[in-house]
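Student: There's a structure below that I have some questions on.
The values are calculated or read from the model by the stated rules, or taken from the named source; none is laboratory data. All values reported here derive from a predicted model rather than from experimental measurement. Note that we place each Cβ from the backbone using ideal geometry, even for glycine, and neighbour counts take in every protein chain shown. Side chains included, ligands, DNA and RNA excluded: accessible areas come from the protein's heavy atoms. Shrake-Rupley method; radii C 1.70, N 1.55, O 1.52, S 1.80 Å.
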Amino acid sequence: MKRTQREYKVIDFPPLTAEDRAVLEKLDNMPDTEINYEDIPQSAPDSTGGFYYFQSLKIPKTDIHTKIDNDTLAWLRKDGKGYQSRLNNVLRWARMNGCPIASM
């Protein structure tokens, strides 16, 4: 089994200034009702079932072999190409939303 891992250059952003932090703090304390969303595209799944933000990240990946239940695979494949990306997005969502994997 061949494993590959891609390496990506990490973007080294400059540190936030005190002024930047003040702006972010003000925005953090602002009620959502006061935020103007008119110029922001609505967040919706793209053609592969993932969200653009996740698709735009350059996250290194590792090729693995695993077994998956047929019904779960059929569910992932029902929208066509991109089922592996959808699987990765489902796993990422579960991880980011505190899915209790140890108790499953």
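Student: Given labels modelled 7 Å from the Cα in the Cβ direction, how far is it in nm from residue 92 to residue 35?
Tutor: Simple spin-label model gives 1.9 nm for this pair.
Student: Among residues other than residue 71 whose Cβ falls under 12 Å from its Cβ, what is the net charge (Lys/Arg +1, Asp/Glu -1)? Mind showing how you got there, number by number?
Tutor: Details: positive: 77, 78; negative: 69.
That works out to +1.
Student: Continuing with the same structure: Please work out how much length the chain gains when fully extended from residue 103 to residue 13, using 0.36 nm per residue of separation minus the C-alpha to C-alpha distance, in nm with one decimal.
Tutor: Working: separation 90, 0.36 × 90 = 32.40 nm, distance 3.79 nm.
Between residue 103 and residue 13, full extension yields 28.6 nm more.
Student: I've got another one for you. Given the protein chains as shown and a 1.4 Å probe, how many square angstrom of residue 77 are accessible, to the nearest 10?
Tutor: 120 Å²
Student: Mind checking the full-extension length gain between residue 20 and residue 73? Use 0.36 nm per residue of separation minus the Cα-Cα distance, one decimal, nm. Mind showing how you got there, number by number?
Tutor: Details: separation 53, 0.36 × 53 = 19.08 nm, distance 4.54 nm.
Using 0.36 nm per residue and subtracting the Cα-Cα distance, I get 14.5 nm.
Student: Rank these residues by their accessible area, most exposed first, probe 1.4 Å: 66, 72.
Tutor: Of 66, 72, the descending order of accessible area is 66, 72.
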